[in-house]
Amino acid sequence: MERIELTAAWAEGQEVLAEVTKESGVRASKCYQCGKCTAGCPVAFAMDKTPREIMRLVQLGLMDEALQSQTIWLCASCDTCSTRCPREVDIARMMETLRIIAKRKGFVAEKKMDLFHDLFLKSVEKNGRVHELGLILGFNIYGMQPLKDAHFGPSMLLKGKLSPLPHTIKDNGEVKKIFANVRKRGGKL
Ligand code: SF4
Ligand code: SF4
């Protein structure tokens with residue numbers, strides 16, 4: 001196991017910790033490491049670090065470890081952890097902020113998850129809602145796995161579970177405004 005010099009790592013991580021605290025509005029120091037967030041997290045079994053461990057890394061200022069973790073990309077934003085936390089720490093919001101900052105710094109541990117997010121958002125921006133078939137095709141093509149799950153396609157199309165063309169909402173202008181606002185505030189979409 002790699003040895004970590006805590007004092008030096010803490011000093012190094014302070015700038016990013018301040019950025020995370022400011023953007024999320026979450027004070028990691030409130031966490032007393034009870035583990036209730038991890039116990040309720042439906043995705044914890046697949047994470048490389050549990051939500052409690054992510055909170056500990058953030059408390060210690062070990063920001064590179066937190067930002068490079070797969071966990072922040074596997075988080076499903078279900079809010080269970082935030083609801084269960086006896087200290088009212090909004091862990092889900094912290095995960096979201098860590099994803100945003102990881103992306104900004106080019107620390108994306110789960111490239112496919114990031115690709116999925118990008119394609120999903122592009123589809124919503126364009127149509128006002130997601131076009132599943134377009135999303136799957138884009139994900140397979142850009143993810144260099146063109147035939148992944150292709151055998152499900154014909155039966156799903158026949159049963160009407162997938163639509164060949166996107167369904168757009170009536171007034172997509174409002175949705176486009178939301179995206180424009182996020183970009184104006186420095187968000188990367
Ligand atoms: S539930 Fe809250 S206090 Fe407990 S470990 Fe998770 S973040 Fe910390
Ligand atoms: S919001 Fe993320 S970290 Fe929290 S319980 Fe849901 S999946 Fe787990």
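The values are calculated or read from the model by the stated rules, or taken from the named source; none is laboratory data. Predicted model only: the values in this text are computed from it and were never measured. Heads up, the Cβs are rebuilt from the backbone with ideal geometry, glycines too, and the neighbour counts pull from every protein chain shown.
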TODO: Scan region 30-52 for residues that are part of a helix (DSSP H, G or I) and farther than 18 Å from I101 by Cβ and report the count.
DONE: 10
Task: Qualifying positions in region 1-29 - part of a loop (DSSP other than H, G, I, E, B) and modelled with pLDDT of 90 or more - done: G25, V26, R27
Open item on the list: Looking only at residues that are part of a loop (DSSP other than H, G, I, E, B) and more than 6 Å from ligand 1 (Cβ to nearest atom) in region 87-96, which one is surrounded by the fewest Cβ atoms within 10 Å (Cβ to Cβ)?
Closed with: E88
Task: Only one of T38, T21, T71 that is within 16 Å of ligand 1 (Cβ to nearest atom) and free of Cβ contacts under 8 Å to residues at least 12 places away in the same chain - done: T21
Task: Cβ pairs under 6 Å, 6+ apart, first in region 153-176 and over 11 Å from R129 (Cα atoms), second of a type outside the set (S, T, Y) and in a loop (DSSP other than H, G, I, E, B) - done: M156/L162
- [ ] Identify the residue in region 70-96 that is more than 10 Å from ligand 2 (Cβ to nearest atom) and modelled with pLDDT under 95 and, among all such residues, is farthest from the chain's Cα centre (by Cα).
- [x] Q70
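Could you grab me the full set of residues in region 37-82 that are out of contact with any Phe, Trp or Tyr (no Cβ under 7 Å at 6 or more places or on another chain) and of a type in the set (G, A, S)?
Result: A39, G40, A44, A46, A66, S69, A76, S77, S82.
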Task: Residues that are small (G, A, S) and in contact (Cβ under 8 Å) with a residue 40 or more places away in the chain, drawn from region 83-109 - done: A109
Task: Residue among K126, K112 that alone is part of a helix (DSSP H, G or I), surrounded by fewer than 17 Cβ atoms within 10 Å (Cβ to Cβ) and either assigned by TED's automatic domain parsing to the domain that holds F45 or touching a residue at least 24 places away in the same chain (Cβ under 8 Å) (or both) - done: K112
